[in-house]
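The values are calculated or read from the model by the stated rules, or taken from the named source; none is laboratory data. Fair warning: this is a prediction, and the values are worked out from it, not measured in the lab. Glycine gets a Cβ as well: all are built from the backbone with ideal geometry, and neighbour counts include every protein chain shown.
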Amino acid sequence: MDIYEQIVQLRREGRRGAVATITNVRGSIPSFQTAKMLVRDDGSIAGTIGGGCVEAEVWQAAREVMEQEKPRSLTFNLNNNPKYDTGLVCGGTLEIFIEPVLPPALLYIFGAGHVAYNLYKVATIAGFDVVVVDDRESYANRERFPDARNVVAQDFEAAVVSLNVPEWSYIVIVTRGHRDDMRVLRWAVNANARYLGMIGSRRKTISIYKELEREGIPREKFANVHAPVGLEIGAVTPEEIAVAIVAEMIATRRHAVPNVASKQFPYPGASSSHDAAQDAVVKEETV
């Protein structure tokens with residue numbers, strides 16, 4: 001199996017890695033330009049860029065690249081640094097580009113109404129694999145969500161039992177009612193997903209939190225919930241709310257700090273207009 005096949009296999013298994021490629025060579029080195037080495041998340045490697053101390057440093061940098069999910073370039077001058085004089089090199093300079101190998105971003109959408117449908121469309125365009133879950137077969141079906149990885153038409157509490165949510169996943173709760181939102185959130189706060197958002201006003205959110213606290217769920221479990229979901233861009237329609245949600249997920253995915261406010265709870269500056277818009281959309285879902 002060549003290194004490209006191993007990269008594909010790694011992604012299919014939902015694992016991380018990093019690929020180091022020699023991009024530029026000056027002088028004599030113990031390898032060749034375009035040589036590649038794959039470093040997997042368990043520390044194992046495939047391929048080589050020449051061995052020795054250079055490869056050891058690249059291995060360490062690759063571990064950091066896959067953790068930070070950002071590429072990096074390294075330059076090694078084998079002539080001037082005695083630590084690279086291992087008897088294996090002839091002297092020279094090489095540049096190495098290290099890029100992360102990441103599993104596909106996986107989005108679980110709970111709900112299949114207007115917001116969920118538009119969220120599915122925008123998220124798919126943005127490169128997310130989507131799983132849709134709803135208890136209504138008339139909404140949760142392949143005709144409505146043809147490009148989804150999976151569509152689950154099942155009661156929410158029954159559906160989550162069979163879901164294996166990896167840590168790089170994103171969860172958005174946009175069901176047609178507050179009670180269903182609460183049922184899903186009860187499970188989702190323990191799912192260890194990378195992103196968790198729930199539609200609805202701040203008033204509704206706090207009401208759900210309090211009820212779940214009375215059930216024994218610790219308050220700190222809600223600290224990372226984005227609710228009202230999405231960046232504060234004044235979104236009103238289902239289409240606009242979908243854009244705001246995907247923008248917030250992208251900011252999380254890229255470790256970015258946007259210059260517009262996030263709704264990660266507790267967020268003291270949530271606007272009443274935004275709250276009202278999300279509650280209004282939820283009400284439409286019940287019609």
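Within segment 223-254, can you find the residues that are crowded, with 22+ Cβ neighbours inside 10 Å, out of contact with any Leu (no Cβ under 7 Å at 6 or more places or on another chain) and not aliphatic (A, V, I, L, M)?
Result: PRO228, GLY230.
When the residues of segment 82-106 are narrowed to those that are surrounded by fewer than 20 Cβ atoms within 10 Å (Cβ to Cβ) and within 19 Å of GLN6 (Cβ to Cβ), which ends up modelled with the lowest pLDDT?
So the residue we want is PRO104.
When the residues of segment 123-170 are filtered to those that are among the hydroxyl-bearing types (Ser, Thr, Tyr) and under 14 Å from ALA112 (Cα atoms), which remaining residue is surrounded by the fewest Cβ atoms within 10 Å (Cβ to Cβ)?
SER138
Restricting to segment 97-144, give me the number of residues that are closer than 24 Å to LYS70 by Cβ and assigned to a strand (DSSP E or B).
Number satisfying all stated conditions: 8.
For the subset of segment 11-24 comprising residues that are in contact with a strand residue (DSSP E or B) (Cβ under 9 Å, 6 or more places away or on another chain) and surrounded by fewer than 20 Cβ atoms within 10 Å (Cβ to Cβ), which member is farthest from MET66 (Cα to Cα)?
Of everything passing the filter in segment 11-24, ASN24 is farthest from MET66 (Cα to Cα).
Can you pull out every residue in segment 1-10 that is out of contact with any strand residue (DSSP E or B) (no Cβ under 8 Å at 6 or more places or on another chain) and closer than 10 Å to VAL101 by Cα?
Of everything in segment 1-10, just one residue is out of contact with any strand residue (DSSP E or B) (no Cβ under 8 Å at 6 or more places or on another chain) and closer than 10 Å to VAL101 by Cα, namely VAL8.
Could you list, in sequence order, the residues of segment 25-73 that are in a strand (DSSP E or B), modelled with pLDDT of 90 or more and exposed (fewer than 14 other Cβ atoms within 10 Å of the Cβ)?
Across segment 25-73, the qualifying residue is only SER73.
Might you check whether a residue that is acidic (Asp, Glu), over 16 Å from ILE98 (Cβ atoms) and under 20 Å from the mean Cα position of the chain (by Cα) occurs anywhere in segment 54-65?
Checked against the condition, which is being acidic (Asp, Glu), over 16 Å from ILE98 (Cβ atoms) and under 20 Å from the mean Cα position of the chain (by Cα), segment 54-65 yields no hits at all.
Per-residue answers, yes or no, for (1) touching a Gly at 6+ places or on another chain (Cβ under 7 Å); (2) of a type outside the set (Val, Ile, Thr):
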{"position": "VAL101", "(1), (2)": "yes, no"}
{"position": "PRO104", "(1), (2)": "no, yes"}
{"position": "GLY127", "(1), (2)": "no, yes"}
{"position": "VAL133", "(1), (2)": "no, no"}
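What pairs come out if I take residues in segment 153-172 that are under 21 Å from GLU13 (Cβ atoms) and pair them with residues that are exposed (fewer than 13 other Cβ atoms within 10 Å of the Cβ) whose C-beta lies under 9 Å away, six or more apart or interchain?
Partner pairs satisfying both residue conditions: VAL165/ASN192; PRO166/ASN192; GLU167/ASN192; SER169/ASN192.
Within 13 Å of LYS204 (Cβ to Cβ), among the aromatic types (Phe, Trp, Tyr) and at pLDDT below 90 - does that describe any residue in segment 263-272?
There is at least one residue in segment 263-272 that is within 13 Å of LYS204 (Cβ to Cβ), among the aromatic types (Phe, Trp, Tyr) and at pLDDT below 90.
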